[in-house]
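Note sheet for the following structure.
The values are calculated or read from the model by the stated rules, or taken from the named source; none is laboratory data. Because the structure is predicted, anything quoted here is derived from the model rather than measured. Ideal geometry is used to build each Cβ from the backbone, glycine not excepted, and the neighbour counts take in all protein chains shown. SASA here: full protein model, heavy atoms, side chains in, ligands and nucleic acids out. Shrake-Rupley method; radii C 1.70, N 1.55, O 1.52, S 1.80 Å.
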Amino acid sequence: MAETQVFLKWVVAILVIALVGGARAVPVCNIDTKQLDPCKPAVTGNSPPRPSKECCKVVSKADLPCLCSYKNVLPAVGINPKHALALPKKCGLKTPPQCILH
């Protein structure tokens, strides 16, 4: 059973990686991947700007524990996990335990 869950997470992660930046939006964690575009500046680079209001609006609608479960694949798509996992707090939201880097 555990192997099936791990496999499914990898399949979804591969789909997200394949489609991020593409023209099609894919529903993941209660949002479409294209909706995350306004957050890209806030999660890339060494000193990103604060997230925009548009970004925070999207983050507030997302299933954050679900999104944070993909933290290990973020570098593969050019996203800095440290900055991505800080988005909930920067947007004034409660940070779920899954979103804390250890």
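Only one of these conditions is not met by LEU93: (1) under 17 Å from ASN30 (Cα atoms); (2) open to solvent by less than 40 Å² (accessible area, probe 1.4 Å); (3) not in a helix (DSSP H, G or I). Which number is it?
So the condition that LEU93 fails would be (2).
So that you can scan it fast, the table gives a plain yes or no per residue for (1) in contact with a Lys or Arg (Cβ under 7 Å, 6 or more places away or on another chain); (2) open to solvent by less than 60 Å² (accessible area, probe 1.4 Å); (3) farther than 17 Å from LEU101 by Cα; (4) not in a loop (DSSP other than H, G, I, E, B):
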| residue | (1), (2), (3), (4) |
| --- | --- |
| CYS39 | no, yes, yes, yes |
| GLY45 | no, yes, yes, no |
| PRO51 | yes, yes, yes, no |
| VAL58 | no, yes, yes, yes |
| LYS82 | no, no, no, yes |
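Filter region 16-37 down to residues that are of a type in the set (S, T, N, Q) and not in a loop (DSSP other than H, G, I, E, B) and give me whichever is modelled with the lowest pLDDT.
By that ranking, first place goes to THR33.
On the given criteria, is VAL73 of a type in the set (A, V, I, L, M), open to solvent by less than 40 Å² (accessible area, probe 1.4 Å) and in contact (Cβ under 8 Å) with a residue 60 or more places away in the chain?
The answer is yes for VAL73.
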